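Asker: One structure, as structure tokens, below. Some questions next.
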Amino acid sequence: MAPPPPNYEFQEWWNKERLKAHGFLSPSAPQSPLPATPAGHASSDSAAVEVGTPTTPAAGGKSRGRSPRQLSWFLLLRLLGSALLLASLPSRFFGLLRTAARRISTLTHRSAPASRLYRLIRGFLVLAILLLVLELAAYFKGWHFNPPSYASSAEALEFIYANWLMIRVAYLAPPVQALANMCIVLFLVQSVDRLVLTLGCFYIRLRGLTPVALVEYGSAGDLEGGKTINVDEYPMVLLQIPMCNEREVYQQSIAAVCIQDWPRERMLVQVLDDSDDVEVQRLINTEVQKWQQKDFQPAPDFLRKTIPHFKGNDDVALVQTRWSFVNKDENLLTRLQNINLSFHFEVEQQVNGVFINFFGFNGTAGVWRIKALEESGGWLERTTVEDMDIAVRAHLCGWKFVFLNDVKCLCELPESYEAYKKQQHRWHSGPMQLFRLCFFDILHAKVSLLKKANLIFLFFLLRKLILPFYSFTLFCIILPLSMFLPEAHLPAWVVCYVPGIMSVMSILPAPKSFPFIVPYLLFENTMSVTKFHAMISGLFKFGSSYEWIVTKKLGRSSEADLVAYIQKDSEPSVESSIHRSSSESGLAELNKLDVTKKAGKAKMNRLYRKELSLAIILLIASVRSLLSAQGIHFYFLLFQGITFLAVGLDLIGEQVS
């Protein structure tokens, strides 16, 4: 029997695969044949490296099937790649252990007293360890297959285990199962709410529903070009810059406001400095005096894109724009934050703005009508979320809000877990403070019943209270507890499938983040302990609920020309500033800048006790799940425990000393 004809198509593919394996050819290199290169000349394509047998066209009409030998080589190549990956896992694992050991050895000890929640978690940890020891002893004695009878128990251990079985069946499992069922119902209600918001966002995109301004204002740069504009047509705007020990970004913040594309005589800039650092106060005062001596040059068009929405809409109190993050790709922590906030702005804020004309003010990147602030009572210091407070009071007075998803304002995400944790604590304790204070105001307000129901049940209870409650209770308490109480069971669809679907919906506004969908799901559950603690603190007025700490910034949240201007301390270019297309322009250039982090106090590694304790609890529960052969529960507990461990050891986010 004649051998099969050579498969030149496969040979060409095989040569390319070998080049990829040895690092000579990029995986994204084109699969079409390389262009011919004249003799004596090198091709400009770096992939034009010929290795192995040159390819020749296959004979017409011949079979293109792959021989068993060729398939064997292909499988061998794949097996070699997998073996190399597996061989690298131990070194990566031990590298992680070395990093964790270094973090522990450089731990900064704190004298802060343990919180109530930590004491409860610590008690749960001790109980989990005792129960695991008991269950392991029972497993090796075969009692999992033939449970001992309470009446016939002879030895002490058998008597203890028989009593434990009776107690857990009669007294522990029923209340735990009831609590689990309640959390499942809350979970499903919150999932339906998220689904409705997502469908609303799709509807907005399908119909092209975006706020349309009735007027347009020309660029103030026309004045520099000799053109005549009626300055009186431009409303007077007040720009306020709150400062609180903003050492890293005070220059960028002041400059970003002072170069707005708006007539100078129609702008009033106020720097609200409540810093407690004398040196920072001096720096801010110096910066203000410097800008007082400038002739402002036009640059970003933030005001020209927002102010027109007030014209002809006398009931509009707030125009809020979307945040865009200059450091969203800095590390894993910022990538996960970007997923959350992208959903918040594009889905939650946009849908609420289009359909009910209300959403929570984000504190920055928004424009307020002064009359609305005055009628609503002005800024109050009764909570740590004064931005949400004024938004709720304005809504109860009948004012409407407009959200502009296509106008983006650059800002910065916290890059360390410590800064992010403090930010999230403030963001979740403040709403509960506000809910306590304004609950009766909502009931007595002269607004429709539908608006009252939206504020109480959706805005506050479902999204600010129920979400952190069921997330922490269900996945950090009930799930590991159910491993020791098999009579109280959580279905697999609650543990895996529904959370997976919700994560997919959350990541839709940031499609480039799909590779991080599993870390996002696990990290959100990990953050539930911080959010739950903050929610409880704000609801019951615990001391930590009124803690207000400025989120640490690194000075990345400014446009490229602003950073360059600050570094060389010269006038910004008129041409470059006039031709800025939007408030997000220069983002690519800004990300390329090597912004040096300013020297400050050396930061030390920290251990987070609640996260570490929960990590041990979840890993213990995963060991217990092996005894019951619960596959999905085991994998979820294992990976969730590892995530808690990484966060507790401060191995996520900005790397510090």
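Throughout, read-outs are computed from the coordinates displayed, never taken from laboratory work. Quick caveat, the model's predicted, so the values are computed rather than measured. Neighbour counts run over all protein chains shown; Cβ positions are idealised from the backbone, glycine included.
Asker: If you wrap a convex hull around the C-alpha atoms of the range 463-554 and split its volume per residue, what is the figure in Å³?
Answerer: 144
Asker: Something else about it: If the only charges are +1 at each Lys and Arg Cβ and -1 at each Asp and Glu Cβ, what is the size of the charge dipole of the range 253-378 around the Cα centre, to the nearest 20 debye?
Answerer: 460
Asker: Residues of the range 417-437 with backbone nitrogen within less than 20 Å of a virtual label 7 Å along the Cα-to-Cβ line of R102, please, listed as ranges.
Answerer: 417-418
Asker: Regarding the range 251-407, what are the three Cα extents along the principal axes, ordered largest first, in Å?
Answerer: Each principal axis gives a Cα extent; for the range 251-407 these are 45, 42, 34 Å.
Asker: Where the eigenvalues come from the Cα gyration tensor of the range 448-507, what are the semi-axes √(5λ) of the equivalent ellipsoid, largest first, in whole Å?
Answerer: 29, 15, 9
Asker: Over all directions, the average projected area of the alpha-carbon convex hull for the range 323-398 comes to how many nm²? Write down the numbers at each step before the final one.
Answerer: Values: hull surface 23.7 nm².
That works out to 5.9 nm², a quarter of the Cα hull's surface.
Asker: With Kirkwood's inverse mean 1/r over C-alpha pairs for Rh, give me the Rg to Rh ratio of the range 369-522, two decimals please.
Answerer: Reported Rg/Rh, Kirkwood definition of Rh: 1.03.
Asker: Checking the a/c ratio against 1.5 first, then a/b against b/c, what shape does the Cα gyration tensor give for the range 381-439?
Answerer: oblate
Asker: Further question on the same structure: For q values of 0.18, 0.25, 0.28 Å⁻¹, compute log₁₀ I(q)/I(0) with the Debye formula on a Cα-only model of the range 493-532, without solvent.
Answerer: Computed log10 I(q)/I(0) values: -0.50, -0.87, -0.98.
Asker: In addition: Counting other Cβ atoms within 10 Å, which GluC sites (Glu not before Pro) in the range 330-399 have at most 14 and lie in a DSSP loop?
Answerer: Taking the range 330-399 and a limit of 14 other Cβ atoms within 10 Å, the loop GluC sites (Glu not before Pro) found are E381.
Asker: First obtain the Kirkwood hydrodynamic radius of the range 396-469 from its Cα pairs, then insert it into the Stokes-Einstein equation at 10 °C and 1.306 mPa s, and state the resulting D in µm² per second as a whole number.
Answerer: D, rounded to a whole number, is 107 µm²/s.
Asker: How long is the gain from F439 to W493 if the chain were fully straight, where each residue apart is worth 0.36 nm and the alpha carbon distance is subtracted?
Answerer: Values: separation 54, 0.36 × 54 = 19.44 nm, distance 3.56 nm.
Full-extension gain reported as 15.9 nm.
Asker: Just to be sure I follow: if Rg is taken over the C-alpha atoms of the range 607-646 and Rh is the Kirkwood radius over the same atoms, what is Rg/Rh?
Answerer: 1.02
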